[in-house]
Number of protein chains: 2
Amino acid sequence: MARPHLTETEIQSFRSEASEAALSMIGEDGVSQLSLRRLAKRLGCSYAKPYTYFRDKEHLLDAVRGRAFGHLADYMTAALAAPPSGPFGAPYLQFAFDHPEAFRLMFELRQEYMSPETREAQARAWKACTQAFHDAVAAGVLEGDPELIAHVAWAALHGLASLALANQLYLGKSVEEVAEGLEAVMDGFRPLHARGGAKWLS
Amino acid sequence: MARPHLTETEIQSFRSEASEAALSMIGEDGVSQLSLRRLAKRLGCSYAKPYTYFRDKEHLLDAVRGRAFGHLADYMTAALAAPPSGPFGAPYLQFAFDHPEAFRLMFELRQEYMSPETREAQARAWKACTQAFHDAVAAGVLEGDPELIAHVAWAALHGLASLALANQLYLGKSVEEVAEGLEAVMDGFRPLHARGGAKWLS
DNA sequence: GTTGTTAAATTAACATTGTCAAGAAAAATT
DNA sequence: AATTTTTCTTGACAATGTTAATTTAACAAC
């Protein structure tokens, strides 16, 4: 009885290479231009080889999303590490505008499937985004349930980024203006003595 | 030299019928299942007929989006008309959860094209959503620039709806909890004497 | 090393799709 | 009625996701 020829690392290696290449292609031409044939050509393999490593295209895209969430986690971690109490929201918007196609893929409104691995990468990104809120509450800069504050702030930020990317901000309000408004709103989470203090967006 | 056989109303009639049927099919099976062949079968015409009325599939989807925005406008108008100063945000979330596929189509992060007609329908929907904010500011229930308040509130609401539809609300926070948080945050727009007053979400 | 067996990769093939060209049918003008 | 123009349908093509068939490569036993 012959055992599998491919080692686990070889499998992971191909999956990584494929999803990273796919992410890169998506960044260049958008997700609608990604086909398995084109990806295979880029990888230098036949168009059917990915089917050995991914159940179908949806599972491949899931892996790509996982990588993208990983990148977001790294990006947020790095951005928030630098200044000890820097702005919270700006890096998230920055990521969205710097990598619009990746952002679109990650937060597509229609997602057929999400693997535990991708869920995990997503949770890492979430943690990186929200750590600052925990710190701020601990330091007395914000007050309330940090997770709840984070969800509210993130929903607002994410809505802003989404509407801007979908080109659906209306009637003469720019991203900057709305961000200013969010800024003012988040002030409600600050204890009275800290109102109008350090910005969390810019 | 023969003049066009189709009257403008006939053209509009087919376009309406086609986009309404398409919207309905999308509501049933999702946008990924909509093909021109299936739509044509439903309409009882050949699969190429739509090309006489729409430049390509993207233009058809644009028309469908226009109809969907029209429905949203009607829905919000009706919902906000009933109680003179009812909750602002709840109907929007309701629409999103009642018509998830339509919502997904309308706010898809990747939109290739938007016609002036669709832009207009979108503006109507936006107006219906924001009228309540203008009223509230006029009545002294909220204070500030109504358009800015509306943008901020809408960004937050929209982010919440999007994350919920994409199944990306994290780690034990429900839509209701985050909505509660938004509620608290919007309190920041209320004049001091009105804080903790009428809810705008539920 | 040869040989048999199993896994992996490639190619062939199929169904579906968007799109367009060529022809058929219908309608309007003469 | 004849002609011309418009609309509609059918046929065709290329691209895509996917699976089946086939070839190639890796391992095990001898």
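The values are calculated or read from the model by the stated rules, or taken from the named source; none is laboratory data. Note that the structure is a prediction, hence the values are computed from the model and not measured. Virtual Cβ from ideal backbone geometry, glycine too; neighbours counted across all protein chains shown. To get the accessible areas, we keep the full protein, side chains included, count just its heavy atoms, and leave off ligands, DNA and RNA. Shrake-Rupley method; radii C 1.70, N 1.55, O 1.52, S 1.80 Å.
For segment B:19-62, which positions are aliphatic (A, V, I, L, M), touching a residue at least 40 places away in the same chain (Cβ under 8 Å) and within 13 Å of DNA strand C (Cβ to nearest atom)? Reasoning before the result, please.
First pass over segment B:19-62, keeping only residues aliphatic (A, V, I, L, M): B:21-23, B:25-26, B:31, B:34, B:36, B:39-40, B:43, B:48, B:60-61.
From the residues that got through so far, the ones that are touching a residue at least 40 places away in the same chain (Cβ under 8 Å) too are B:22-23, B:26, B:31, B:60-61.
Within segment B:19-62, B:Ala22, B:Ile26, B:Val31, B:Leu60, B:Leu61 meet the criteria.
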query = For segment B:46-71, how many residues are outside any helix (DSSP H, G or I) and either out of contact with any helix residue (DSSP H, G or I) (no Cβ under 9 Å at 6 or more places or on another chain) or within 19 Å of B:Gln111 (Cβ to Cβ) (or both)?
reply = 3
inquiry  = Given the criteria more than 10 Å from DNA strand D (Cβ to nearest atom), within 14 Å of chain A (Cβ to nearest Cβ), open to solvent by 40 Å² or more (accessible area, probe 1.4 Å) and farther than 27 Å from B:Leu93 by Cα, does B:Lys41 qualify?
reply    = no
key: Every pair of residues 6+ apart whose Cβ atoms lie under 6 Å, when the first sits in segment A:155-168 and is on the phi < 0 side of the Ramachandran plot while the second is among the polar types (S, T, N, Q) and at pLDDT 90 or above   = A:Ser162/B:Ser162
Positions within segment A:80-92 being closer than 14 Å to A:Trp126 by Cα and not in a loop (DSSP other than H, G, I, E, B), in sequence order = A:Leu80, A:Pro91, A:Tyr92
message = Condition first: open to solvent by less than 30 Å² (accessible area, probe 1.4 Å), within 16 Å of A:Lys173 (Cα to Cα) and of a type in the set (A, V, I, L, M). Now tell me which residues in segment B:142-183 satisfy that.
response = B:Ile149, B:Ala150, B:Val152, B:Ala153, B:Ala155, B:Ala156
ask   = If you go through segment A:62-82 one residue at a time, do you hit one that is closer than 27 Å to B:Gly159 by Cα, within 16 Å of DNA strand D (Cβ to nearest atom) and within 14 Å of chain B (Cβ to nearest Cβ)?
value = yes
task = Filter segment B:1-18 down to the residues that are charged (D, E, K, R) and within 12 Å of DNA strand C (Cβ to nearest atom), then identify the one that is most open to solvent (accessible area, probe 1.4 Å).
result = B:Arg3
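Which members of segment A:88-126 meet the condition of being more than 9 Å from chain B (Cβ to nearest Cβ) and open to solvent by 40 Å² or more (accessible area, probe 1.4 Å)?
Initially, segment A:88-126 is screened for residues more than 9 Å from chain B (Cβ to nearest Cβ), giving A:88-99, A:102, A:113, A:115-121, A:124-125.
Hits for segment A:88-126 are A:Gln94, A:Phe97, A:Asp98, A:His99, A:Tyr113, A:Pro116, A:Glu117, A:Arg119, A:Glu120, A:Arg124.
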task = Assess whether A:Tyr51 counts as being among the hydroxyl-bearing types (Ser, Thr, Tyr) and farther than 29 Å from A:Ala136 by Cβ.
result = yes
key: A:Glu108, sole failed condition from (1) within 13 Å of DNA strand D (Cβ to nearest atom); (2) of a type outside the set (S, T, N, Q); (3) outside any helix (DSSP H, G or I)   = (1)
message = Just checking, does segment A:15-33 include any residue being at pLDDT 95 or above and within 9 Å of DNA strand D (Cβ to nearest atom)?
response = yes
ask   = Just a yes or no: is a residue in segment B:164-179 at pLDDT below 90, facing chain A (nearest Cβ under 7 Å) and in a helix (DSSP H, G or I)?
value = yes
